[in-house]
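Single-structure report; data block below.
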Amino acid sequence: MHSSETLPANQGYPRNQWYVAAFSYEVGANLLARTFLDVPVVMYRTPDGGPVALHDKCAHKGLPLSMGKLCGTSVQCGYHGIEFGPDGACTKIPQQSSIPSAMRVRSFPLVEKWQWIWIWMGDPAKADPGLIPDHDSLGLGRTGYTSAPFFMIEMELNFQLMHENFLDQTHVTYLHPGALDDGEMVSAQYWTKVDGNIVQLGRELSNVSASAGVAGFFGIEPDRPYDRIHIAETHVPAVNIGRNSYFDRSKPGSPPIELFGINTLTPRNRHSVYNFLALSNSFGHQWSAAEVEGLRQVVLQDKVALEAVQQRFNQFGSDSSECSLKSDHAGMACRRMISAMIEAERTGSMGSVAIPAKTEALSA
Ligand code: FES
Ligand SMILES: [Fe+2]
């Protein structure tokens with residue numbers, strides 16, 4: 001039994017964290033409106049290319065600034081024409097020459113890294129870019145790897161449900177049949193590891209082969225024996241990476257063939273999330289439009305299933321219950337870590353999230 005506050009479908013979110021706001025290609029000389037952590041934000045690029053994020057609510061009478069237009073580096077409100085610059089300060093009031101000090105909107109720290117734009121919705125004084133997950137580790141922009149941004153899908157569910165989805169890849173056998181494995185993932189040996197804000201669940205599959213469709217996606221030859229390692233890794237609270245490594249059994253010691261799926265999650269609110277997908281591979285593959293569409297269909301399978309789960313939690317509220325498996329350990333560690341981050345922010349003890357480093361070897 002849960003209180004409604006601890007339901008995964010009603011999880012809150014830490015604010016003093018970096019989240020992905022957009023792919024770089026989405027933000028240009030237009031006004032892009034999104035909501036992050038319940039706060040409406042408008043984004044655009046100045047003529048020199050710098051991305052800007054402002055509170056999407058005019059300081060005058062509250063019209064969303066995204067309903068206005070860009071004027072040089074400023075956004076002009078569509079109601080009475082007041083303009084605000086990239087730092088949120090008012091740059092022009094058409095009706096008077098004096099600018100009241102309160103005539104400003106909040107601007108949010110942004111960092112453009114690889115092909116993401118990261119946003120900090122919390123205390124700007126704490127917005128250390130060094131806290132953004134290392135992109136080379138994620139395979140994004142890594143030498144010798146081919147990486148690409150794909151698409152964002154908005155899902156009507158709590159971001160915690162998606163984290164737990166990524167951390168339990170046994171679902172691929174049933175929810176995405178024939179797309180990401182040939183049915184062997186569900187029975188593989190696995191281990192879990194928690195280190196700092198990183199949760200991992202690794203599965204090691206010895207002497208497996210792949211059907212043509214699965215092999216093509218992972219850059220290996222079909223119907224040939226490989227050893228496969230799959231690591232689901234969550235950088236709490238914003239990033240999931242699925243690390244797939246295939247070792248050719250006929251070439252001992254050769255480097256693995258790798259494909260990484262990087263999904264970032266940014267809560268829109270407690271019941272809606274933006275899921276951004278990027279991929280990276282070690283075999284020089286550039287994805288075709290048909291492959292990207294195929295991936296979109298896979299992610300939509302997650303969306304349909306988890307929106308239905310969210311609906312059940314909504315329906316049963318505090319009467320909702322779950323019966324966890326041993327393999328849910330990683331997802332539960334992620335859940336506890338997010339709760340601890342929220343509690344640390346609430347009590348002002350930021351930085352002292354006490355999640356012990358832990359490695360477990362388990363048999364499936
Ligand atoms: S509401 Fe924006 S200028 Fe009046
Ligand atoms: Fe999935």
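Cross-link pairs exceeding 23 Å in C-alpha to C-alpha distance, out of LYS193/LYS326; LYS113/LYS193; LYS57/LYS92; LYS69/LYS92, comprise LYS113/LYS193. Given +1 at the Cβ of Lys and Arg, -1 at the Cβ of Asp and Glu and no other charges, the dipole of the chain around its Cα centre is 940 debye to the nearest 20.
What relative contact order, as a whole-number percentage, does the stretch 27-102 give when Cα pairs under 8 Å and 6 or more residues apart are counted? Here the relative contact order equals 19 percent.
For the chain, take the longest principal axis of its alpha carbons; what is the angle in degrees between that and the long axis of helix 289-316, to the nearest 10 within 0 to 90? Roughly 80 degrees, rounded to the nearest 10.
Listed by chain and number, the aspartates and glutamates whose alpha-carbon sits under 18 Å from that of LYS61, ignoring those within fewer than 8 places in the same chain, are GLU83.
As a rough guide to protection, the peptides 146-152, 287-293 ranked by mean Cβ packing within 10 Å, highest first, stand as 146-152, 287-293.
Across the chain, Cα pairs under 8 Å and at least six residues apart give a relative contact order of 21 percent.
Just to confirm the number: angle between the C-alpha axis of helix 329-347 and the first principal axis of the chain, 0 to 90 degrees, nearest 10? Approximately 20 degrees, to the nearest 10. Summary of packing: across the peptides 230-239, 134-143, 68-77, the per-residue average of other C-beta atoms within 10 Å ranks them, highest first, as 230-239, 68-77, 134-143.
All distinct Cα pairs of the stretch 199-324 go into the 1/r average, and the inverse of that average, the Kirkwood radius, is 16.8 Å.
Most tightly packed first, judged by the mean number of other beta-carbon atoms within 10 Å of their residues, the peptides 248-258, 170-180, 17-27 read 17-27, 170-180, 248-258. Projected onto its three principal axes, the C-alpha set of the chain covers 76, 48, 35 Å, listed from the longest axis down. For the stretch 78-152, averaging the sequence separation of C-alpha pairs within contact (under 8 Å, six or more residues apart) and dividing by the residue count gives a relative contact order of 16 percent. Take the convex hull of the alpha carbons in the stretch 1-137; its mean projected area over all directions comes to 10.7 nm².
Values in this text are rule-based calculations from the coordinates and carry no lab data. A quick note: this is a predicted structure, and the numbers were derived from the prediction, not measured. When we count neighbours, we look across all protein chains shown, and the Cβ atoms used for this are built from the backbone with ideal geometry, even at glycine.
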